[in-house]
Amino acid sequence: MPEAYAVMIEANKRILGLELYDVQILGAIVLFYGSVAEMKTGEGKTLTATLSMYLRGLQGTGNFLITTNEYLAGRDAEEVGKVYRWLGLSVAVGVKKYEFDKEIDKKVVYSSDIVYTTHSVLGFDYLLDNLSVEKEKQYISKFNFVIIDELDSILLDMAQTPLIISGAPKVQSNLHIITDVFIKSLAFDIDYEISEDKKSVWFLEEGIRKAQDYFGITEILGESFKELYRHLVLSLKANYIFKNKRDYVMM
């Protein structure tokens, strides 16, 4: 460890012109052994992570730095990627920074020594890998080492939203289209309400009444219409709670 950390400290100084402080080196030691390092804003988490990532990267592929959003993943990889490459390691970004960016080659990404990505993209790629029956469509070879930025947010807050990949239903339905049109016509605080933490949403009495009028039924909460009501709840969440690229991805 001392030799590898010394190399990375010197590389950061030569390539980026940045010198690490003692608190950053101590944080990197803590991270290497799989413990939680709490650092305040401005203490330099990006550089702190480079020491552990470099040492683990020397062992080969399967090293991930997971962030909460695409911007941070792209920014950090771009900022310190040149240092890793100067030292002979391959670095990749597992997410698109902008919608109009070209599609990512997952085989190239996951064969890199170090990968910067988000929790949701890595989670979905892992699920897709396990669903694939063809070896050539399985990209994640192993997990050697992982650093999670904003640990409390990812493992506590965002973990409350499951990552779900659904297959095609046996009977095709256009309920999701119809319910989406209806949900978009509703008004906040009149027809539905959202919790303070923005993680739950539910119909108000007026929203239930409008739904029954819209679909021409009298008891939408009854057993006969449970599939319709399920679609309405899902559409309500999709429109006002879930965010594309954060809670789900379009395939």
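Any idea which of (1) surrounded by 15 or more Cβ atoms within 10 Å (Cβ to Cβ); (2) closer than 13 Å to Val146 by Cα is the one Gly27 doesn't satisfy?
For Gly27, the exception is condition (2).
Is there a residue being outside the structural domain of Glu38 (by TED's automatic domain parsing) and either under 16 Å from the mean Cα position of the chain (by Cα) or touching a residue at least 40 places away in the same chain (Cβ under 8 Å) (or both) anywhere in the range 123-137? Before you say what the answer is, go through the steps one by one.
So the first thing to find is which residues in the range 123-137 are outside the structural domain of Glu38 (by TED's automatic domain parsing), and the list is none.
There is no residue in the range 123-137 that is outside the structural domain of Glu38 (by TED's automatic domain parsing) and either under 16 Å from the mean Cα position of the chain (by Cα) or touching a residue at least 40 places away in the same chain (Cβ under 8 Å) (or both).
What number goes with the only condition from (1) in contact with a Leu (Cβ under 6 Å, 6 or more places away or on another chain); (2) over 17 Å from Val181 (Cβ atoms) that His231 does not pass?
Here His231 clears every test but (2).
Got at least one residue in the range 119-128 being of a type in the set (S, T, N, Q) and within 18 Å of Asn244 (Cβ to Cβ)?
Keep residues of the range 119-128 that are of a type in the set (S, T, N, Q), which gives 120.
Now restrict to residues that are within 18 Å of Asn244 (Cβ to Cβ): 120.
Scanning the range 119-128, I find at least one residue that is of a type in the set (S, T, N, Q) and within 18 Å of Asn244 (Cβ to Cβ), so the answer is yes.
With in contact (Cβ under 8 Å) with a residue 24 or more places away in the chain, more than 20 Å from Asn144 (Cα to Cα), small (Gly, Ala, Ser) and touching a Leu at 6+ places or on another chain (Cβ under 7 Å) as the only criterion, which of Ala4, Ala11 stands out? Explain how you work it out, then say what you get.
Working: Ala4 fails: more than 20 Å from Asn144 (Cα to Cα).
Result of the check over Ala4, Ala11: Ala11.
Please verify whether Glu19 is of a type in the set (D, E, K, R), over 26 Å from the mean Cα position of the chain (by Cα) and in the same structural domain as Phe145 (by TED's automatic domain parsing), treating the condition exactly as stated.
Numbers: of a type in the set (D, E, K, R): yes; over 26 Å from the mean Cα position of the chain (by Cα): yes; in the same structural domain as Phe145 (by TED's automatic domain parsing): yes.
Taking the combined requirement at face value, the residue satisfies it.
Can you name the number of the only condition in (1) modelled with pLDDT under 80; (2) exposed (fewer than 12 other Cβ atoms within 10 Å of the Cβ) that Glu223 fails?
With (1) modelled with pLDDT under 80; (2) exposed (fewer than 12 other Cβ atoms within 10 Å of the Cβ) applied to Glu223, the lone miss is (1).
Would you please name the residue that is surrounded by the fewest Cβ atoms within 10 Å (Cβ to Cβ), looking only at residues in the range 200-211 that are part of a helix (DSSP H, G or I) and out of contact with any helix residue (DSSP H, G or I) (no Cβ under 9 Å at 6 or more places or on another chain)? Even if it seems obvious, please write down each step before you answer.
Here is the first cut: in the range 200-211, the ones part of a helix (DSSP H, G or I) are 205-211.
Filter again for out of contact with any helix residue (DSSP H, G or I) (no Cβ under 9 Å at 6 or more places or on another chain), leaving 205-206, 208-209.
Numbers: Glu205: 9, Glu206: 14, Ile208: 16, Arg209: 13.
Of everything passing the filter in the range 200-211, Glu205 is surrounded by the fewest Cβ atoms within 10 Å (Cβ to Cβ).
Considering only residues that are among the charged types (D, E, K, R) and not in a loop (DSSP other than H, G, I, E, B), which ones fall in the range 141-163?
Keep residues of the range 141-163 that are among the charged types (D, E, K, R), which gives 142, 149-150, 152, 157.
Selection gives Asp152, Asp157.
The values are calculated or read from the model by the stated rules, or taken from the named source; none is laboratory data. For clarity, every value in this text was computed on a predicted model and none was experimentally measured. Cβ coordinates were reconstructed from backbone atoms using ideal geometry, including for glycine residues, and neighbour counts include every protein chain displayed.
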